[in-house]
1. List the residue pairs whose Cβ atoms are under 9 Å apart, where the first residue sits in segment A:1-22 and is within 12 Å of chain B (Cβ to nearest Cβ) and farther than 15 Å from A:CYS87 by Cα, the second is modelled with pLDDT under 95 and not in a loop (DSSP other than H, G, I, E, B), and the two are 6 or more positions apart or on different chains.
2. Exactly one of (1) outside any strand (DSSP E or B); (2) in contact with a Leu (Cβ under 6 Å, 6 or more places away or on another chain) is unmet by B:GLN37. Its number?
3. What single numbered condition from (1) modelled with pLDDT under 90; (2) in contact with a helix residue (DSSP H, G or I) (Cβ under 8 Å, 6 or more places away or on another chain); (3) crowded, with 16+ Cβ neighbours inside 10 Å fails to hold for A:ASN96?
4. If you check A:SER69, A:SER30, A:SER12, which single one turns out to be of a type in the set (S, T, N, Q) and farther than 18 Å from A:GLY103 by Cα?
5. Given the residues A:SER102, A:SER90, A:SER82, which is the only one that is surrounded by fewer than 18 Cβ atoms within 10 Å (Cβ to Cβ), within 15 Å of the chain's Cα centre (by Cα), touching a residue at least 24 places away in the same chain (Cβ under 8 Å) and closer than 23 Å to B:GLY40 by Cα?
6. Does A:GLU32 meet the test of being part of a strand (DSSP E or B), charged (D, E, K, R) and buried (at least 18 other Cβ atoms within 10 Å of the Cβ)?
7. For segment A:17-36, which positions are of a type in the set (A, V, I, L, M, F, W, C) and under 8 Å from the mean Cα position of the chain (by Cα)?
Amino acid sequence: AQRVTQPEKLLSVFKGAPVELKCNYSYSGSPELFWYVQYSRQRLQLLLRHISRESIKGFTADLNKGETSFHLKKPFAQEEDSAMYYCALSGRENFNKFYFGSGTKLNVKP
Amino acid sequence: DGGITQSPKYLFRKEGQNVTLSCEQNLNHDAMYWYRQDPGQGLRLIYYSQIVNDFQKGDIAEGYSVSREKKESFPLTVTSAQKNPTAFYLCASSDIRDLAYNEQFFGPGTRLTVL
């Protein structure tokens, strides 16, 4: 069964510290992984997708098929990174259907 | 501001009543979705539609119904059969032709409270 697991509900770090938000998935086909972010009083929006292999706002994420993980990382957290982060999964077999994790709230302290 | 609109922002309903949540998009997207967002549970898919006059059940479709008579509109009805309807509801759309950059665009949400 398709499943996305984000083990941390809340992650608190100090400004300037490294950040890693964990995401593990279960999918039988060819997965496509995404990170979505929801800042306070804003809409949920795409942060990055593994297929693009890009860095957005200093965040990167590498798809590790062996470990079925797609952890989100940033070397130096900023206060404006405080938000709710969702890992999401789709697949080439049904690219129109998405599965979301339960979310991790990142709190960056000054 | 184009994109996806949802109305109303807040909705109150008495037990036993059906209520319909509106979702409209002007992005010319073929696919539209309804999610339910509960604290600690993330987003759960209720229904999705890839084309006009067609839709599929998601993981928690029981107690909900949808229609897709127009490409721009995908209303969700929360029926009295839904056991725990109080939640935040999100609508989204995506361009199914853009396989390389498959992205969902979300509306602002509707918070439904059953009194």
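1. A:ALA1/A:SER26
2. With respect to (1) outside any strand (DSSP E or B); (2) in contact with a Leu (Cβ under 6 Å, 6 or more places away or on another chain), B:GLN37 is out only on (1).
3. All conditions pass for A:ASN96, except number (2).
4. Result: A:SER30 is the single residue among A:SER69, A:SER30, A:SER12 that is of a type in the set (S, T, N, Q) and farther than 18 Å from A:GLY103 by Cα.
5. A:SER82
6. yes
7. Listed by number, the residues that qualify are A:LEU21, A:CYS23, A:PHE34, A:TRP35.
Residues checked against (1) closer than 22 Å to B:TYR48 by Cα; (2) acidic (Asp, Glu); (3) within 12 Å of chain B (Cβ to nearest Cβ):
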position	(1), (2), (3)
A:ILE56	no, no, no
A:ASP62	no, yes, no
A:SER69	no, no, no
A:LEU89	yes, no, yes
A:SER102	yes, no, yes
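The values are calculated or read from the model by the stated rules, or taken from the named source; none is laboratory data. Quick caveat, the model's predicted, so the values are computed rather than measured. Reconstructed Cβ throughout: ideal geometry from the backbone, glycine too, with neighbour counts over all protein chains shown.
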